[in-house]
Amino acid sequence: MAVFIPDASVALAWRFADEATPYTESLLDRLAKGEEVAVPSNWPLEVINGLIQAKRKARVSEIEIQRFIADLSSFYIVVDADHSFSRLGAVRDIAERHGLTSYDAAYIELAMRLNLPLASLDLDLLAAAKTAGLVVI
């Protein structure tokens, strides 16, 4: 059973040493110890997009991307399968209420639905999560 929801900023910090913090490393340690996390359906696309952008800026090689994806695949990351049209109203409401993108609102919607804490480096997302009454890590 999932114990928290990491956003893409946290996951990308696991790959880039200059973005890693004791906070992100402690979250990675939890996954390495077998804890399960849940992510919204947009999470894999956000992570791969961050890697593509980093490759274009020569921050990461193709081999490093493949290795990182393999590392992520070794963890218990459950991608939410219920981000269908039925969830769009809630995501839109959250995005409009908190001035977020729909991508960020999807993290809050999932955290609310699963009653799980949210982990992020995005200060706006964390502030919105707190305002929505969520626990943040």
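Taken together, the values in this text are just the output of simple stated rules run on the coordinates, not laboratory data. Just so you know, these numbers come straight off a predicted model, no measurement behind them. Cβ coordinates were reconstructed from backbone atoms using ideal geometry, including for glycine residues, and neighbour counts include every protein chain displayed.
What the table below lists for this structure:
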{"quantity": "Whole-number percent relative contact order across segment 74-137, with pairs defined as alpha carbons under 8 Å at least 6 apart", "calculated": "23 percent"}
{"quantity": "Local electrostatic count at Ala70 - Lys and Arg +1, Asp and Glu -1, tallied over other residues with Cβ under 15 Å", "calculated": "-1"}
{"quantity": "Cβ-based exposure ranking for Arg15, Arg30, Arg113, in which fewest neighbours within 10 Å come first", "calculated": "Arg113, Arg30, Arg15"}
{"quantity": "Residues with amide H under 5 Å from that of Val136, placed H, sequence gap 5 or more", "calculated": "Leu118"}
{"quantity": "Neighbourhood charge, 14 Å Cβ-Cβ cut-off, centred on Leu123 and excluding it, Lys, Arg +1 and Asp, Glu -1", "calculated": "-3"}
{"quantity": "Whole-number percent relative contact order across segment 42-117, with pairs defined as alpha carbons under 8 Å at least 6 apart", "calculated": "21 percent"}
{"quantity": "Net +/- balance of residues flanking Ala54 in space, Cβ distance below 14 Å, scoring K and R +1, D and E -1", "calculated": "+1"}
{"quantity": "Helix-only CD estimate at 222 nm, as mean residue ellipticity for the chain, using -39500 (n - 2.57) per DSSP H run (n ≥ 4)", "calculated": "-18000 deg cm²/dmol"}
{"quantity": "Fraction in percent of alpha-carbon pairs per bin - 10 Å, the chain", "calculated": "12, 44, 34, 10, 0"}
{"quantity": "Order of Trp43, Trp14 - criterion: other Cβ atoms within 10 Å of each residue's Cβ, fewest first", "calculated": "Trp14, Trp43"}
{"quantity": "Least to most buried among Leu27, Leu88, Leu121 (fewest other Cβ within 10 Å first)", "calculated": "Leu88, Leu121, Leu27"}
